[in-house]
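Have a look at the structure below before the remarks.
Please treat every number below as a calculation from the coordinates, not as lab data. These numbers come from a predicted model, not from an experiment. Cβ sites come from the backbone with ideal geometry, for glycine too, and all protein chains shown count toward neighbours.
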Amino acid sequence: MFATSLIVFRETLEAALFVGIIAASTRGLAGRNRWLAGGVVAGGLGSLLLAAGMERVSNWADGVGQDLLNVAILSTALLMLAWHCIWVSTHAREMVRDARRLGSDAASGARTLWALSVAVSLAVLREGAETVLFVAGFLSGSDESFARLLSGAIAGLAGGCLTGALIYWGLARIQTAKLFAVTNVLILLLAGSLASQLAKVLIQSGLVTAGSAPLWDTSVWLPDEAPVGIALHALIGYDASPSILQIVFQVGTILGIWFATHQMKAWTQRRQGLAALA
């Protein structure tokens, strides 16, 4: 029961933390609840379908179909988060203005919400499918009763959702003018986490072999299974024994998005300056 609860909690926490940060970053924008709820529902339904067809998916491309699918999911979610980080940084004033007006300008909010809805859907899809498969594996290979395993899964799900709700509640207390700056940093860290996970999948699938050697090992002080390790993995992609490629992907993604954001800001300011002169 405890093992089931811990696994479900870990997977749920990753998705809930993701959704909580996204929800806070879009607070006050018109249609926020509809877009995010649609992403969660689509991801949940997709995870059930994916788990049901996982055996067939795994047989694609000479047995690496599941890895290729994970690569596609992580890459798409990473692109959506990168786009959001760059867009929000260059349109923060507009978003603050719209939030103060309770998001009366639906079109402005939709510019970023569609991308985040896709990212949320993919996050829930991936974590949900893993959760279903883990629980199904425990049901088939454990001597514990179905009731105990189910109660453990429900406890883990509730704990993960509650933690995500607390994250959102904490972020929601930040002043609107500062909220987008805070959540943009958190989303940037989430993007780095996705990049690290992408590198790990590429190595584990054998698609990439360069940089697979571990760079360090902190499992003695902070193992991946520890509560703090689980939380850090969900937020920043913490790995007690990361490969060189993981660190390169993670740091490179964060620096790349940061650089692109500043370039976009400079371009926007130049364009606004020219428009003012005209």
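Tabulated data
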{"item": "Inter-label distance for Ile174 and Asn33, nm, one decimal - labels placed 7 Å from Cα along Cα-to-Cβ", "result": "2.3"}
{"item": "Potential extension, Gln204-Leu162 segment - 0.36 nm per residue separation minus Cα distance", "result": "11.9 nm"}
{"item": "Under 5 Å, built H, 5+ apart or other chain: amide partners of Ile174", "result": "none"}
{"item": "Calculated FRET value between Arg270 and Leu68, using beta carbons and R₀ = 45 Å, to 0.05", "result": "0.60"}
{"item": "Dipole magnitude of segment 199-278, debye to nearest 20 (Cβ charges: Lys/Arg +1, Asp/Glu -1, about Cα centre)", "result": "640"}
{"item": "Hydrodynamic radius of segment 165-278 per Kirkwood, over alpha carbon pairs, in Å", "result": "16.5"}
{"item": "Calculated FRET value between Gln263 and Ala226, using beta carbons and R₀ = 41 Å, to 0.05", "result": "0.55"}
{"item": "Cut-off under 5 Å, modelled amide H: who pairs with Ser243 long-range", "result": "Leu215"}
{"item": "Nitroxide proxy distance, nm - points 7 Å out along Cα→Cβ at Thr76 and Ser241", "result": "3.3"}
{"item": "R0 of 41 Å, Cβ-Cβ distance Ala181-Arg56: FRET efficiency to nearest 0.05", "result": "0.35"}
